[in-house]
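These notes concern the structure reproduced below.
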Amino acid sequence: MNFFLVIVISLFLAVSCAKKEEKKAAGTAGGEQIAKVGDMVITKDDIQAIPEAMRQLYSGAEGLERFVAEQMLYQEALKKGLDKDPEYLQLANYLKKKSLIETLLDKEISKKVKVEDKEIANYYNKNKEEFKVKETGQYIPLDNIKEGLRRQILMEKQKAVFDKYMADMKKRYKVEINEAALAGSSEQSAESK
């Protein structure tokens, strides 16, 4: 999983828990309490609200410790006013955009591309010489490399779908690049070093 996405999801979790913090402190939130950080109650519902792809990080006692640690750090950051820090706001905005892009690509590309066993077998048979061991003259059995081939074919298919998607987007969005300004900013960057 992309490192930026992990950071964004962690930030999201901390923010979403903080939004519930006031309700929980007043005892109005639902779910069975499993921990308490300051005045904030953590419930099983909070763990279930974590996106499925990240939930395993917060399972069991070790996961709960991680979740509690994040909540303590989050509360400390709020006390120090870091949520208003310009650097943080710039980073949060950047990560939000990256996360949104990743979500779009996941929905438009990753989830739409599948590799069937028949495709793997066809690829193997068409490229069989690539899988020949020079020393023995024998071929590596398909079962030994099937998952690796699946990943390779999947990446190739995803790239093809991505390239088509981007070509379609370029038709819908008018893109203009100011080469002179771009060259000027590159020169300024080089001078500042």
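The values are calculated or read from the model by the stated rules, or taken from the named source; none is laboratory data. From a predicted model like this one, the values you see are computed outputs, not experimental measurements. Neighbour counts are summed over all protein chains in view; Cβ atoms, including those assigned to glycine, are modelled from backbone coordinates with ideal geometry. Side chains included, ligands, DNA and RNA excluded: accessible areas come from the protein's heavy atoms. Shrake-Rupley method; radii C 1.70, N 1.55, O 1.52, S 1.80 Å.
For Tyr123, the accessible area of its heavy atoms, probed at 1.4 Å with every protein chain present, is near 50 square angstrom.
Altogether, the Stokes-Einstein calculation at 20 °C and 1.002 mPa s, with the Kirkwood radius of the stretch 70-176 over Cα pairs as Rh, returns a diffusion coefficient of 117 µm²/s. Shown here for the stretch 56-131: GluC sites (Glu not before Pro) in loop regions (DSSP other than H, G, I, E, B) with at most 12 other Cβ atoms within 10 Å, namely Glu116.
Within the accessible surface of the stretch 46-110, defined with a 1.4 Å probe on protein heavy atoms only, the carbon and sulfur portion equals 57 percent.
For the listed residue pairs Lys98/Lys157; Lys36/Lys112; Lys44/Lys97; Lys132/Lys164; Lys36/Lys96; Lys107/Lys174, the alpha carbons are over 31 angstrom apart in Lys36/Lys112; Lys132/Lys164. Near the amide H of Ala35, within less than 5 Å, lie the amide hydrogens of Ile42, all on another chain or at least 5 residues away, with H placed in the peptide plane. Among the trypsin sites (Lys or Arg not before Pro) within the stretch 76-126, those in coil by DSSP and having at most 14 neighbouring Cβ atoms inside 10 Å are Lys80, Lys114.
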